[in-house]
Every structure is written in C-alpha cells, then in structure tokens.
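*Asks:* Below is the structure I would like to discuss, written out as structure tokens.
The values are calculated or read from the model by the stated rules, or taken from the named source; none is laboratory data. Everything numeric in this text was worked out from a predicted model, so none of it was measured. With ideal geometry, Cβ positions are generated from the backbone for all residues, glycine too; neighbour counts draw on all protein chains shown. Surface areas here come from the heavy atoms of the whole protein model, side chains and all, with no ligands, DNA or RNA. Shrake-Rupley method; radii C 1.70, N 1.55, O 1.52, S 1.80 Å.
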Amino acid sequence: MVSIFSELENSIQGDSNKTPVPGGAVHPLTRYIMNYLKYVGEYRDTLEQVFREHQMIERADSATGSDFDCQNPQAGQSNHHTSSNKLSPFETHMIKVMDLLDSNLEGKSRLYKDTSLSSIFMMNNGRYILQKIKGSPEINSLMGDQWYRKRSSDLRQYHKNYQRETWGKLLQCLNHEGLNVNGKVNKPILKERFKSFNALFDEIHKTQSSWVISDDQLQSELRVSISNMVIPAYRSFLGRFSQTFTPGRQTEKYVKYQPEEIETDIDELFDGNATPWGRKKL
C-alpha cells in the first residue's frame with residue numbers, strides 16, 4: 001500500500017504533458033486523482049493502521065541499521081503540512097498528494113497564453129477538487145476546515161483575476177475621460193469608444209463561448225457576476241451618450257448592442273459549443 005501511494009505521488013510529479021486542455025476544462029489528471037482519493041477515503045481506518053505499522057517498521061529498521069527501505073515519501077520535505085506532529089502518516093501522505101496536484105495544476109495553467117483562460121482552468125479544477133472533497137466525509141474531515149477555506153479563497157482570487165483581465169479591459173472602453181470638451185461631447189472620441197467596446201465584446205464573446213465550465217453552479221455564478229459588472233456600466237454609458245448620435249443609421253452604426261443583448265450574449269459564455277462566428281449552436 002505504501003508503495004502504491006509512492007507510485008501515485010511519482011505519477012503526479014511525472015505528468016509533464018505540455019498540451020493544455022481545450023477550453024480550460026477539468027484536467028484528466030484531476031479527475032483521476034480525486035476519484036482515486038475518494039475510494040481511498042472509504043478505507044481510511046484500515047490505511048491509517050497500515051501506514052502507522054509501516055512507520056514503526058521503518059523506525060525499527062533505522063534503529064538497527066537495516067538496509068530495508070520502503071521509500072519514505074516525506075524524507076527531505078519541508079512542506080508546511082508535514083511539520084506538524086499531529087498528522088498521522090496516512091494524513092501526511094494524503095496532504096502531500098493534494099499539494100503535488102496543486103503544484104502540477106499551477107504549472108499546467110501556465111501553458112495557456114491567455115491569462116483569463118488560465119484563471120478559468122484553475123477555477124474549473126479547483127471547484128472540481130472542492131466538490132469531491134465535500135462529497136467524501138472521510139477526506140473532508142482529513143483535510144480540515146482550514147484547508148477548505150484556503151482553497152475556497154484561492155478560487156475567489158482566480159475569479160477576481162479573470163474579471164479584471166477580461167471585463168476590466170472592456171469597461172475601460174466606457175471611460176468618460178476626455179469625452180467632454182468645453183461642455184460638449186467630443187463626438188470622434190465617443191465614436192472610437194463605442195467602436196472599441198463593440199470590437200472587444202465581439203472578440204470576448206467569440207472566444208469565451210468556446211471555453212468550458214462544466215459545473216453548473218460555477219457557470220451561473222460567473223455569468224451573474226459578469227452581468228452585474230458590465231450591464232449597469234454599459235446602460236449608464238448608453239443613456240448618457242447615445243443621444244449624441246443622429247437617430248437612424250449613425251446610431252445603429254455605433255450603438256451595436258442594447259443592454260439586453262449584452263446580457264443574452266453573456267449567458268452564452270462557457271458552453272464550449274460556439275460556432276466559428278462565436279454564436280451559440282442551435
């Protein structure tokens with residue numbers, strides 16, 4: 001059993017696949033490891049005993065100078081988890097597996113050229129891990145509330161990073177700075193602001209409709225937070241400046257979207273089934 005765990009740890013460390021998962025979806029390694037640990041958790045009491053006995057054998061052999069070596073996976077480790085004497089040998093192994101998986105996923109997130117997609121990837125995998133932990137009472141109690149809160153906090157930070165990188169840039173197009181000159185609206189600059197907003201939103205919709213968020217709750221949370229961030233700002237900008245344009249063709253040329261259309265397009269993000277034009281398949 002100890003050897004099997006050692007092989008599991010080595011397999012995580014040795015997984016150096018350089019091909020990013022399309023759409024930032026949950027990585028197969030994450031699914032494999034978390035399902036593995038879920039089943040392991042069902043035999044926690046037995047495994048606690050196995051690892052304790054193995055530790056006693058190792059200590060006895062060490063004291064007698066035996067050459068017997070079962071590859072103590074904690075040798076030389078300085079991880080903050082392992083410094084605690086309160087952790088059993090089995091708990092130490094489980095936490096090490098989780099730490100190795102976290103490190104591996106962070107490395108894989110850097111394979112994406114788009115930093116927003118990196119954040120989506122980490123959110124997807126982080127949510128999947130938390131759901132699996134939450135669904136296993138044995139593993140949940142082993143990892144503890146502090147670990148769970150830390151991972152939940154990490155997820156919120158990835159969420160903030162994503163919003164800043166994608167939607168923060170879009171909202172810069174709605175900046176009022178430089179639009180009023182001597183009490184009048186600078187029409188050429190206003191036209192450029194609307195053109196920039198339209199082009200960037202089109203690109204975001206086209207790109208991110210093909211991204212994947214398989215967890216329904218996470219998908220809904222992201223869409224709602226994006227709408228709350230973008231719609232009020234766009235509605236305010238539209239209400240203040242759209243009347244500057246001549247009604248008819250000029251308005252249609254620059255005011256491409258109504259707020260309701262923006263909201264509809266946001267609800268198409270993260271489905272992973274966009275057409276080449278960025279529109280959802282029927």
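*Asks:* For a 22 Å ceiling on Cα separation, which of these pairs sit above it: Lys160/Lys256; Lys187/Lys253; Lys206/Lys253; Lys86/Lys150; Lys108/Lys160?
*Replies:* Result: Lys160/Lys256 exceed 22 Å.
*Asks:* Consider the candidate values (1) 29; (2) 23; (3) 45; state which one is percent of Cα pairs over 31 Å apart computed from the structure displayed.
*Replies:* (3)
*Asks:* Please give the calculated 222 nm ellipticity per residue for the chain, where each DSSP H segment of at least 4 residues contributes -39500 (n - 2.57) and the sum is spread over every residue; nearest 500 deg cm²/dmol?
*Replies:* -21500 deg cm²/dmol
*Asks:* Sticking with the crude label model, points 7 Å out along Cα→Cβ, report the distance from Gln250 to Lys38 in nm, one decimal please.
*Replies:* 6.1 nm
*Asks:* Can you list the residues, at least 5 places off or on another chain, whose amide H is less than 5 Å from the amide H of Asn180, using H built in the peptide plane?
*Replies:* Asn186
*Asks:* Something else: For Lys38, list the aspartates and glutamates whose Cα falls under 12 Å from its own Cα; do not include residues on the same chain fewer than 8 positions away.
*Replies:* Glu138
*Asks:* Put a dot 7 Å past each Cα toward the Cβ at Ser11 and Thr46; how far apart are the dots in nm?
*Replies:* 1.8 nm
*Asks:* Which part of the range 107-133 falls in the paramagnetic zone of Arg149, meaning amide N under 18 Å from the point 7 Å along Cα-to-beta-carbon?
*Replies:* Counting backbone N atoms under 18 Å from the label point, the list is 130.
*Asks:* Gain in length, Glu165 to Glu221, computed as 0.36 nm per residue apart minus the alpha-carbon separation, to one decimal in nm?
*Replies:* So the extension gain works out to 18.4 nm.
*Asks:* Next question, about the same structure. Kirkwood hydrodynamic radius, the range 176-222, all distinct C-alpha pairs: what's the number in Å? Let's see the in-between values first.
*Replies:* Details: mean 1/r = 0.0749 Å⁻¹.
Hydrodynamic radius (Kirkwood, Cα pairs) of the range 176-222 is 13.3 Å.
*Asks:* Could you order peptides 176-188, 201-213, 230-242 by the average number of other Cβ atoms within 10 Å of their residues, highest first?
*Replies:* 201-213, 230-242, 176-188
*Asks:* Another question about this same structure. Using Cα-Cα distances under 8 Å and only pairs 6 or more residues apart, what relative contact order does the chain have, in percent? Before the final figure, lay out each step's value.
*Replies:* On the way: 248 pairs, mean separation 60.1, N = 282.
Relative contact order here is 21 percent.
*Asks:* Something else: Once the dipole of the chain is set up with Lys and Arg at +1 and Asp and Glu at -1 on Cβ about the Cα centre, which of Phe197, Val212, Gly272 lies farthest towards its positive end?
*Replies:* Result: Phe197.
*Asks:* Express the carbon and sulfur contribution to the solvent-accessible surface of the range 125-170 as a percent, rounded to the nearest whole number, probe 1.4 angstrom.
*Replies:* Carbon and sulfur atoms account for 46 percent of the accessible area of the range 125-170.
*Asks:* Tell me, what is the 1.4 Å probe accessible area of Glu260, in Å² to the nearest 10?
*Replies:* Counting only protein heavy atoms, the figure is 110 Å².
*Asks:* Rank Trp167, Met229, Gly178 by how far each Cα sits towards the positive end of the charge dipole of the chain (+1 on Lys, Arg Cβ; -1 on Asp, Glu Cβ) and give me just the farthest.
*Replies:* Gly178
*Asks:* Using only Cα atoms, find the angle between the long axis of helix 89-109 and the longest principal axis of the chain, and express it within 0 to 90 degrees, rounded to the nearest 10.
*Replies:* 30 degrees
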